[in-house]
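This report refers to the structure that appears directly beneath it.
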Amino acid sequence: MTAPVQNPSIPAQISRRKCLLRLSGGCIALSFSEYSRAGGQVEEPLMDSVRTALGSAIANKAPPVPEFRDTESKLVYLRWLGVMSERLKKKIPEPQIRQEFLQAVWYESKRAGLDVTLVLGLIQVESNFRKFAVSSVGARGYMQVMPFWTRVIGDGDPGKLFHMQTNLRFGCVILRHYLDRERGDNFLGLGRYNGSRGRAPYPEAVFAAQRGWLPDDRAVG
């Protein structure tokens with residue numbers, strides 16, 4: 001009995017098919033990862049009192065100049081600024097822009113009652129510190145704020161979300177709002193911020209990024 005002739009191209013075809021499947025699977029995973037981390041707050045009805053409070057928080061145009069109760073507090077801040085500036089150098093190379101950014105992040109985080117390391121972690125995941133980042137769903141700027149917020153609690157000009165302090169102000173006020181809605185639960189609050197409440201990839205990514213911004217001496221939070 002004659003042995004069946006094996007097509008020499010079959011192993012190559014199978015190998016090629018496996019390779020394509022692996023690539024396809026990798027693209028799907030990458031696509032999911034990018035989607036899960038894209039800013040996308042969901043527009044929801046707000047009570048008049050909440051809308052007024054958020055609008056008032058946004059409207060205050062005080063410059064982001066930190067104030068300190070004593071000299072030691074100021075020294076702690078300056079040490080933090082030096083350490084964070086060094087860590088951020090690759091993302092924002094220009095020293096003055098980097099310092100202004102960190103000063104604004106500190107100011108807006110403290111003003112909203114947020115952990116500054118959490119805010120830095122969120123910015124890293126949302127925009128990777130890109131001022132003019134725009135997500136696939138239209139979120140803008142460092143903290144990937146959705147344009148509808150400018151209509152709901154701002155002056156209706158979404159272009160202002162590319163202004164550093166405005167973007168950080170909106171982002172911190174919105175994150176504080178979501179955390180309050182979730183009774184301080186960071187996991188659920190971050191999920192609301194991202195439009196993926198209850199799903200783990202986004203909060204876990206922010207928590208992982210946050211650890212990279214913890215001060216060495218844990219003196220500042």
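Restricting attention to the stretch 134-148, which residues are open to solvent by 10 Å² or more (accessible area, probe 1.4 Å) and either in contact with a Cys (Cβ under 7 Å, 6 or more places away or on another chain) or not in a loop (DSSP other than H, G, I, E, B) (or both)?
134, 140, 148
Please identify the pairs in which a residue from the stretch 41-56 that is open to solvent by 80 Å² or more (accessible area, probe 1.4 Å) has its Cβ atom under 6 Å from the Cβ atom of a residue that is outside any loop (DSSP other than H, G, I, E, B), counting only partners at least 6 apart or on another chain.
43/148
What is the one condition in (1) without any contact (Cβ under 8 Å) to a residue 40 or more places away in the chain; (2) in a helix (DSSP H, G or I) that residue 131 does not satisfy?
(2)
Would you check if there is a residue in the stretch 111-123 being in contact with a Lys or Arg (Cβ under 9 Å, 6 or more places away or on another chain) and farther than 29 Å from residue 93 by Cβ?
Yes: one or more hits.
Go through (1) among the aromatic types (Phe, Trp, Tyr); (2) more than 15 Å from residue 114 (Cβ to Cβ); (3) assigned to a loop (DSSP other than H, G, I, E, B) one by one and return the number of the condition residue 202 breaks.
In the conditions (1) among the aromatic types (Phe, Trp, Tyr); (2) more than 15 Å from residue 114 (Cβ to Cβ); (3) assigned to a loop (DSSP other than H, G, I, E, B), residue 202 misses (3) alone.
How many residues, within the stretch 73-91, are of a type outside the set (Gly, Ala, Ser), open to solvent by less than 100 Å² (accessible area, probe 1.4 Å), without any contact (Cβ under 8 Å) to a residue 24 or more places away in the chain and not in a loop (DSSP other than H, G, I, E, B)? Walk me through how you get there before you give the answer.
Going through the stretch 73-91, the residues of a type outside the set (Gly, Ala, Ser) turn out to be 74-81, 83-84, 86-91.
Subsequent filtering for residues that are open to solvent by less than 100 Å² (accessible area, probe 1.4 Å) retains 75-78, 80-81, 83-84, 87-89, 91.
With the extra rule that they be without any contact (Cβ under 8 Å) to a residue 24 or more places away in the chain, the set shrinks to 75, 78, 89.
Filter once more, so that each one left must be not in a loop (DSSP other than H, G, I, E, B): 75, 78.
Number satisfying all stated conditions: 2.
Residue check, residue 84 against (1) modelled with pLDDT of 95 or more; (2) of a type outside the set (Ser, Thr, Tyr); (3) touching a Leu at 6+ places or on another chain (Cβ under 6 Å); (4) closer than 27 Å to residue 47 by Cα, all met but one. Which one?
Failing condition for residue 84: (4).
Does residue 61 qualify as being modelled with pLDDT of 95 or more and over 21 Å from residue 191 (Cβ atoms)?
Working: modelled with pLDDT of 95 or more: no; over 21 Å from residue 191 (Cβ atoms): yes.
No.
Being over 20 Å from residue 52 (Cα atoms) and open to solvent by 50 Å² or more (accessible area, probe 1.4 Å) is the requirement here; does residue 129 meet it? Before you say what the answer is, go through the steps one by one.
Working: over 20 Å from residue 52 (Cα atoms): yes; open to solvent by 50 Å² or more (accessible area, probe 1.4 Å): no.
No: the conditions fail for residue 129.
Does residue 103 satisfy being closer than 18 Å to residue 171 by Cβ and open to solvent by less than 60 Å² (accessible area, probe 1.4 Å)?
Details: closer than 18 Å to residue 171 by Cβ: yes; open to solvent by less than 60 Å² (accessible area, probe 1.4 Å): yes.
The answer is yes for residue 103.
If you scan the stretch 198-221, which residues turn out to be modelled with pLDDT under 95 and crowded, with 18+ Cβ neighbours inside 10 Å?
Correct list: 220 only.
Evaluate the following for residue 166: is it assigned to a helix (DSSP H, G or I) and touching a Leu at 6+ places or on another chain (Cβ under 9 Å)? Working first, answer last.
On the way: assigned to a helix (DSSP H, G or I): yes; touching a Leu at 6+ places or on another chain (Cβ under 9 Å): no.
No; evaluated as a whole, the condition is false for this residue.
Conditions tested, residue by residue: (1) at pLDDT below 95; (2) under 20 Å from residue 64 (Cα atoms).
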position: 109; (1), (2): no, yes
position: 117; (1), (2): no, yes
position: 130; (1), (2): no, yes
position: 135; (1), (2): yes, no
position: 142; (1), (2): no, yes
position: 165; (1), (2): yes, yes
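Considering each residue of the stretch 92-115, count those that are in a loop (DSSP other than H, G, I, E, B) and closer than 14 Å to residue 166 by Cα, and give that number. Walk me through it before giving the result.
The initial filter retains those residues of the stretch 92-115 that are in a loop (DSSP other than H, G, I, E, B), namely 92-94, 112-115.
Retained after the next criterion (residues that are closer than 14 Å to residue 166 by Cα): 112.
Number satisfying all stated conditions: 1.
Of 154, 159, which residue is part of a loop (DSSP other than H, G, I, E, B) and open to solvent by 10 Å² or more (accessible area, probe 1.4 Å)?
Working: 159 fails: part of a loop (DSSP other than H, G, I, E, B).
The unique qualifying residue is 154.
The values are calculated or read from the model by the stated rules, or taken from the named source; none is laboratory data. What you see is a predicted model, and the numbers here were worked out from it, not measured in a lab. For neighbour counting, all protein chains shown are included, and Cβ atoms are generated from backbone atoms with ideal geometry for every residue, glycine included. Only protein heavy atoms, including side chains, enter the accessible area calculation; ligands, DNA and RNA are left aside. Shrake-Rupley method; radii C 1.70, N 1.55, O 1.52, S 1.80 Å.
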